[in-house]
1. So for region 180-193 (the condition being within 16 Å of ALA32 (Cβ to Cβ), in a helix (DSSP H, G or I) and touching a residue at least 24 places away in the same chain (Cβ under 8 Å)), does at least one residue qualify?
2. Given (1) within 27 Å of ALA143 (Cα to Cα); (2) modelled with pLDDT under 95; (3) surrounded by fewer than 20 Cβ atoms within 10 Å (Cβ to Cβ), where does LEU412 come up short, assuming only one miss?
3. Report whether or not LEU133 is outside any loop (DSSP other than H, G, I, E, B), modelled with pLDDT under 95 and either at positive phi or of a type in the set (A, V, I, L, M) (or both).
4. Could you identify the single residue in ALA227, ALA239, ALA222 that is in contact with a Ser or Thr (Cβ under 8 Å, 6 or more places away or on another chain) and either under 21 Å from LEU358 (Cα atoms) or loosely packed, with under 14 Cβ neighbours inside 10 Å (or both)?
5. Which residues, taken from region 204-235, are assigned to a loop (DSSP other than H, G, I, E, B), within 25 Å of the chain's Cα centre (by Cα) and of a type in the set (A, V, I, L, M)?
6. Consider ARG325 carefully, then state whether it is surrounded by fewer than 24 Cβ atoms within 10 Å (Cβ to Cβ), modelled with pLDDT under 95, assigned by TED's automatic domain parsing to the domain that holds ALA406 and among the basic types (Lys, Arg).
7. Determine, yes or no, whether THR146 is of a type in the set (S, T, N, Q), in a helix (DSSP H, G or I) and surrounded by fewer than 24 Cβ atoms within 10 Å (Cβ to Cβ).
Amino acid sequence: MSRDLEPAASAVADGRIAPWRRQLAVAAEGVASGTPYMVGTKLLQGWLTASQVPLGLIGLLGLAELPYTLKLFWAPALDRWPIPWPDRRRGWLVLLQILLVLAIAAMALLRPDPASPASLTAIGLMALLLALLSATQDIAIDAYRTDLLPDRERGAGAAAANLGYRGAMLMIGAGGFILAGSRGWPAAFLGSSLLLLLVLPLTLTAPALPPLHHPVTSLRQAVLGPAREFLHRTGGGRALLVLLLILLYRWPDGLLNLMAVPFLIQQGFRPDVVGSVLAGWGIAATIVGTVLGGLLFGRLGMNRSLWLFALVGAAGNLSYWALARFGGGLGGLIAAVGLENIGGGMVGAAFVALLMSLCNPRYSATQYALLSGVYALSRSLLAAPAGLVAERVGWSGFFLFSVAAALPAFLLMVRLTPWNGQGVRGAFDPARDG
């Protein structure tokens, strides 16, 4: 056996752990992931705007989100230096959640003053620290979820994580602003820190992971081992195909998400109508799709879920083509947004399960960060020409193009995730790799 392979090291083999406990733990960590992100973006933006800070300076806060993009560079540290109590993943989670609670609460002590560069600098540095801690927590959460869930529960686990994340978005995005309006902005930050503090007992009592049979013993191994193990397991040619599938599977989503609002505004829908439909009905439809995807995943398995959910996602893009081609007014808008977000929720559940299936528990922190980084390229680089395509071919042609963007992923799935196959070709299999 190669020393890079970790046979049956995950807690998933422990039949004594009830499935609902694993799903509750994953959902709780979804709340822990969404809370600091919403505080460092939406809540902080609202506070600075209400304090009359110039929009140009508020826009610079986007630079504080760089840790979410760059986190793959320090992900190996979590594989190399696990904190052993309560286990190798939750040790990091407990530490990071304590630091995040303190950081969010400390933001309530700051006072943004447009005339004081020192106060704005302090807020900017605090936002950067918050993002750094939050991105590192995301590494640990992704690794814990990957190591904890057996194959049959990964679709439901992806749905539970998404629901927890969306719940945090609603509690901070709605409850935080309501609290700010009634009690002031410091109260909103203290309330957000309390929400994260409530997750800490759930982290401490969550199902434990057993020790690895072959832990990472050097930083060199932590940095080079994940790629070497992945290539050894999949083979060079197949590894490239797997990475292409990750890059392209959600490409249609990226194209549509970038152009949906400009399209709807140009179609004559009022901004307030667009905002209420996307933020209200859109989030509700995403939750429906996420739950539906998690339930169906357990029945269909990985491969059939990837195929069917991608077809539903393509149908959501096609609904925008119908709205551009035939109109439909408010009813058409609601139908298109609903189908798009239901499909997006289903696609997201299958996609997260796909990423988890490709990770070796020994290197799950680094491998998941690397694989999700590949996916991030489709949201940025591959989706970037969306506006140029829309200008060149018009809205109807653009949405047909976004539907056609699903074809490369389907061609790759013929090879990697055949309809009647039992799993992704290239996925980690403890029995086989052990």
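The values are calculated or read from the model by the stated rules, or taken from the named source; none is laboratory data. Predicted model, so just to flag it, every value in this text is computed and none were measured. Heads up, the Cβs are rebuilt from the backbone with ideal geometry, glycines too, and the neighbour counts pull from every protein chain shown.
1. The answer is yes, given that some residue of region 180-193 is within 16 Å of ALA32 (Cβ to Cβ), in a helix (DSSP H, G or I) and touching a residue at least 24 places away in the same chain (Cβ under 8 Å).
2. Failing condition for LEU412: (2).
3. Here the answer is no, as LEU133 does not meet what is asked.
4. ALA222
5. ALA206, ALA208, LEU209
6. So ARG325 passes the test.
7. Spelling it out, it is not the case that THR146 is of a type in the set (S, T, N, Q), in a helix (DSSP H, G or I) and surrounded by fewer than 24 Cβ atoms within 10 Å (Cβ to Cβ).
Every residue, every condition in (1) outside the structural domain of ALA161 (by TED's automatic domain parsing); (2) outside any helix (DSSP H, G or I); (3) farther than 20 Å from SER396 by Cα; (4) of a type outside the set (A, V, I, L, M, F, W, C), yes or no:
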{"position": "ASN257", "(1), (2), (3), (4)": "yes, no, no, yes"}
{"position": "PHE263", "(1), (2), (3), (4)": "yes, no, no, no"}
{"position": "ASP272", "(1), (2), (3), (4)": "yes, no, yes, yes"}
{"position": "GLY280", "(1), (2), (3), (4)": "yes, no, yes, yes"}
{"position": "THR286", "(1), (2), (3), (4)": "yes, no, yes, yes"}
{"position": "LEU295", "(1), (2), (3), (4)": "yes, no, yes, no"}
{"position": "ASN303", "(1), (2), (3), (4)": "yes, no, yes, yes"}
